[in-house]
1. Within the set of other residues whose C-beta is less than 13 Å from the C-beta of MET244, count the net charge using Lys and Arg as +1 and Asp and Glu as -1.
2. Report ³J(HN,Hα) in whole Hz for each residue of segment 249-258, in order, from the Karplus equation J = 6.51 cos²θ - 1.76 cosθ + 1.60 where θ = phi - 60°; Gly and Pro get x.
3. Each residue of segment 233-244 in order: what ³J(HN,Hα) in whole Hz does its phi give by Karplus 6.51 cos²θ - 1.76 cosθ + 1.60, θ = phi - 60°, with x for Gly and Pro?
4. Using a 1.4 angstrom probe with every protein chain in place, what is the largest-first accessible-area order of GLU193, GLU168, GLU248?
5. Which sequence of GLU38, GLU4, GLU274 reflects their accessible areas, 1.4 Å probe, from the largest down?
6. Placing one identical point scatterer on every Cα of segment 11-170 and ignoring solvent, what is log10 I(q)/I(0) from the Debye formula at q = 0.19, 0.21 Å⁻¹?
7. Give the distance, in whole Å, between the Cα centre of segment 8-52 and the Cα centre of segment 209-243.
8. Which whole-number value in Å³ per residue fits the convex hull of the alpha carbons of segment 112-186?
Amino acid sequence: MSNESLRTALATLIDGLKFAEAPRWREGRLWFSDFFDERVYSCSLAGDRREEAQVPGRPSGLGWRPDGSLLVVSMRDQRLLRREGQTLHEVADLSAFAAGPCNDLLVDPKGRAYVGNFGFDLYARESPRTTCLVRVDTDGSVHRAAEDLMFPNGMALTPDGRTLIVAETHAHRLTAFDVDDLGRLSRRRAFAELDGAYPDGLCLDAEGAIWVADARGHAVLRVRQGQGVVQTVSTGQRHAYACMLGGEDGCTLFICTASGIGPAHAQAQQGRIEFVRVECPHAGLP
């Protein structure tokens, strides 16, 4: 199948952000982390912004347990936190497992959390190396869910809960695993090789395709297993770091964009969440 370029211009939902990540659609609002601002926010489709949590260790991945409690990754101190009222409490310390800042998060229907990490110090310009994906069970215990991943990042879980797809950013691929009843991962395989792309945050649609941000390619890619990239949404001169399908019908593709990453870009506060309408609605998690 050929790669179709979606030429509709992006609209802006909210701007003036330092660096938006981990967008999630929930109960009529888009939730996201602004990690250089050290806060979690939500906003409506009208663009009003509401502060949901302060995370001094820089927030990244977001998810909810079945009881509705918010889980958030604290990047720098490598912890998984849970919000109770307006207070954050530690669920698990991941520092013994994470070989770099923690990043994205997927919470499954039973409340188990899968958490990625860089595997190295990106900002100190260390050379990339492999690391593990961890699983935090509901009792707070931490388990190595998968080994030898190259910058495990954005994740999605199919509606039947049986397949987990993770972006390996520095390996330029999406990797799939089978998931058993205990949340264990097996039968690792390539979902798609994305030569030249740096897949970051992602989501799943109802046709089984993955929308994924290409962090260095100024675009969001729609990827089908066995076919590769079948559709592209350009973000112009701006980098795309994460995306999420949402809105009332699940067909609004929200995209976290910025001029770049790092403290200098954060000070400029040029981060945005932009959006475009697509044909196929959201499916699965997150």
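1. Overall, the nearby charge balance is -2.
2. 9, x, 10, 9, 9, 8, 10, 7, 10, 7
3. 10, 6, 10, x, 8, 9, 7, 10, 10, 6, 8, 7
4. On the way: GLU193 105, GLU168 0, GLU248 185 Å².
Result of the area sort, largest leading: GLU248, GLU193, GLU168.
5. The residues order as GLU4, GLU38, GLU274, largest area first.
6. Relative scattering, expressed as log10 I(q)/I(0), comes to -1.23, -1.45.
7. Using only Cα atoms, the two centres lie 19 Å from each other.
8. Taking only Cα atoms, segment 112-186 has a hull volume of 86 Å³ per residue.
The values are calculated or read from the model by the stated rules, or taken from the named source; none is laboratory data. Owing to the predicted nature of the structure, the values given are computational and were not obtained by experimental measurement. Because the Cβ atoms are built from the backbone with ideal geometry, glycine has one as well, and the counts that use them run over all protein chains shown. To get the accessible areas, we keep the full protein, side chains included, count just its heavy atoms, and leave off ligands, DNA and RNA. Shrake-Rupley method; radii C 1.70, N 1.55, O 1.52, S 1.80 Å.
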